[in-house]
1. FRET efficiency for Ala72 and Ala148, Cβ-Cβ distance as r, R0 = 25 Å, nearest 0.05?
2. HN-Hα J couplings of region 92-98 from phi, Karplus 6.51/-1.76/1.60, θ = phi - 60°, integer Hz, Gly and Pro as x?
3. With springs only between Cα atoms under 10 Å, which of Gly16, Gly121, Gly36 fluctuates most in a Gaussian network model of the chain?
4. So if each residue of separation counts as 0.36 nm, and I subtract the Cα-Cα distance between His44 and Leu12, what length gain in nm does that give?
5. Pick the calculated Rg and Dmax of the Cα atoms in Å for this structure from (1) 24.7, 75; (2) 17.8, 56; (3) 17.1, 50?
6. Taking amide hydrogens as modeled 1.01 Å from N in the peptide plane, which residues meet the under 5 Å criterion relative to Arg77, leaving out close sequence neighbours?
7. Once you place label points 7 Å from the Cα toward the Cβ at Ile179 and Thr24, how far apart are they in nm?
8. If you build a Gaussian network model of the chain, linking Cα atoms that sit under 10 Å apart, which residue out of Ala33, Ala174, Ala95 swings the most?
Amino acid sequence: MIGVALVDDDALMRAGLRMILEQTDDITVVGEAADGAEAMGLVHRTQPDVVLMDVRMPELDGISATARILDAPSPPRVIVLTTFELDDYVFDALAAGASGFLLKRTRPEQLVEAIRVVVDGGSMLSPTVTTRVIERFTHTQPQTPAPAWVGQLTDREREVLRAMARGLSNAEIAEHLYIGENTVKTHVSRVFAKLGARDRAQAVVLAFHAGLVE
């Protein structure tokens, strides 16, 4: 059973999320919090697998809470939920270590799938939000020397990393590169190890920082 913690200062939003998740057979809501400070205590007490995190909240915002929660040993996965595609804080949340972000208008089945995906070590990024974040990132980040790990990647690993940055799944990468899906998984694991990335979302951020993706 996947344990999920709900963090949002809107009680109606939390109630709606709980209603959606409690209709599944493999997900249970372990608790709720109305701000980031409460979220930290909730995570410590309940040890959820996934946290659904709002961005704008009183006391402690979702970005700061995400960074603090993920800095602890054996942290849960965090999915950031945002209202606006142009939310100034979305990229910062991803950089803080969130495994994905979705718009609050995301369909219920997509939200449920996102939870399952991040528990398995993947990431779930809303396509429209991803586009906005990439546009913002590529126009505002200064050019810096490439990090040492860039030279450690093989040509195939670079191809796989670029494909991940385009949002392709392992199956789609396999089809695109004409290789087996198990081979893709091996390359993904090696990319994570060389980058020191915890998941696809963080790997993509690092790829943009290094200038491997335009």
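1. Working: r = 28 Å, r/R0 = 1.10.
It comes to 0.35.
2. 4, 5, 5, 5, 6, x, 4
3. Most flexible of the set in this elastic network: Gly16.
4. On the way: separation 32, 0.36 × 32 = 11.52 nm, distance 2.41 nm.
Once the chain is fully extended between His44 and Leu12, it gains 9.1 nm.
5. Here the calculated entry is (3).
6. Residues meeting the amide H criterion: Val50, Val51.
7. 3.0
8. Evaluated over the chain, the most mobile residue of the options is Ala174.
Read-outs throughout are calculated quantities, based only on the coordinates presented, and are distinct from any laboratory measurement. What you are looking at is a predicted structure, and each value in this text was computed from that prediction instead of being measured. Backbone-built Cβ (ideal geometry, glycine too); neighbour counts: all protein chains shown.
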